[in-house]
1. Arrange the peptides 13-26, 124-137 so that the one whose residues have, on average, the most other Cβ atoms within 10 Å appears first.
2. With axes computed from alpha carbons, what is the tilt in degrees of helix 6-29 against the longest principal axis of the chain, rounded to the nearest 10 within 0 to 90?
3. Starting with the highest mean, order 31-37, 88-94 by the number of other Cβ atoms within 10 Å, averaged over the residues of each peptide.
4. So what's the back-of-envelope 222 nm ellipticity for the chain, counting only DSSP H runs of four-plus at -39500 (n - 2.57) apiece and dividing by all residues, rounded to 500?
5. Convert each backbone phi in region 92-99 into a coupling constant with the Karplus relation 6.51 cos²θ - 1.76 cosθ + 1.60 (shift: θ = phi - 60°), then list the ³J(HN,Hα) values in order as whole Hz, x for Gly and Pro.
6. I'd like to know how the chain sits against the 2.2 N^0.38 Å rule of thumb: what's its Cα Rg over that expected value?
7. Charges only on Cβ, +1 for Lys and Arg, -1 for Asp and Glu: so what's the dipole of the chain about the Cα centre, in debye to the nearest 20?
8. Show me the ranking of peptides 145-155, 64-74 by mean Cβ neighbours inside 10 Å, starting with the highest.
Amino acid sequence: MEKHSRKEDWIAILTGTFIVAQGIFFLQSAQLLTGGTTGLALLLSQFLPISFGMLYFAANTPFYLLAWRRFGKRFAMSSAISGALVSIFADNMHHVVSVDHVNTVYCAIAGGLLMGLGMLILFRHRSSLGGFNVLCLFIQERFGISVGKTQLAIDCTILLASCFFVAPPIILVSIIGAVVLNIVLAMNHKPTRYVVTYG
């Protein structure tokens, strides 16, 4: 399969991170959560005087180092740049758009769809958002289990653990968003359908 050019990769990184940030904006508007390091950052940002973007990038930093060791310098650097862009976009989204009426179910579905689409773009252009994405990509490469299935298992575990801090109705709606996100990945990022070299 012909590789994407460097120019295409950078355009895709800008596009993918912007779409992911849009999804995060919907989740934040309804005070919803999701799985992975994104969910952890959203949860902590509700209790700490630190922006989501700073918490998100800090939570992902160890995984960028893991990506460097497992997938190489290029993949790790592009993932770190993608994570930084999502942090910047998400922290500044409120300057250009606001939501006056919030339907939590709609925000969960829209947030999950947008995040899934953005992550899919990044995966197909030799990048990720760090965090558990790196672990899921490793499992897919090593064992052939799709990213979506592994990500869904991790996300549901994190959301269930969040029950100790967030009201159950919020968790239930958040699970809808996480399921939607991972359906997008499971259907569209199968190892036998689309091969990407991360080195």
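FYI, it's all coordinate maths here, none of it is from the lab. Since the structure is predicted, the reported quantities are computational estimates derived from the model, not experimental observations. Reconstructed Cβ throughout: ideal geometry from the backbone, glycine too, with neighbour counts over all protein chains shown.
1. On the way: 13-26: 22.2, 124-137: 24.9.
Peptide ranking by packing, descending: 124-137, 13-26.
2. Tilt relative to the chain: about 20 degrees.
3. Details: 31-37: 25.6, 88-94: 17.1.
Going by the mean number of other Cβ atoms within 10 Å, highest first, we get 31-37, 88-94.
4. Details: 8 runs with 142 residues, N = 199.
That comes out to -24000 deg cm²/dmol.
5. 10, 4, 5, 6, 10, 8, 9, 10
6. Details: Rg = 15.7 Å, N = 199, 2.2 N^0.38 = 16.4 Å.
So the Cα radius of gyration is 0.95 times the expected 2.2 N^0.38 Å.
7. Details: 13 positive and 7 negative charges, 165 e Å.
Magnitude of the dipole: close to 800 debye.
8. On the way: 145-155: 20.7, 64-74: 16.7.
In decreasing order of mean packing, 145-155, 64-74 become 145-155, 64-74.
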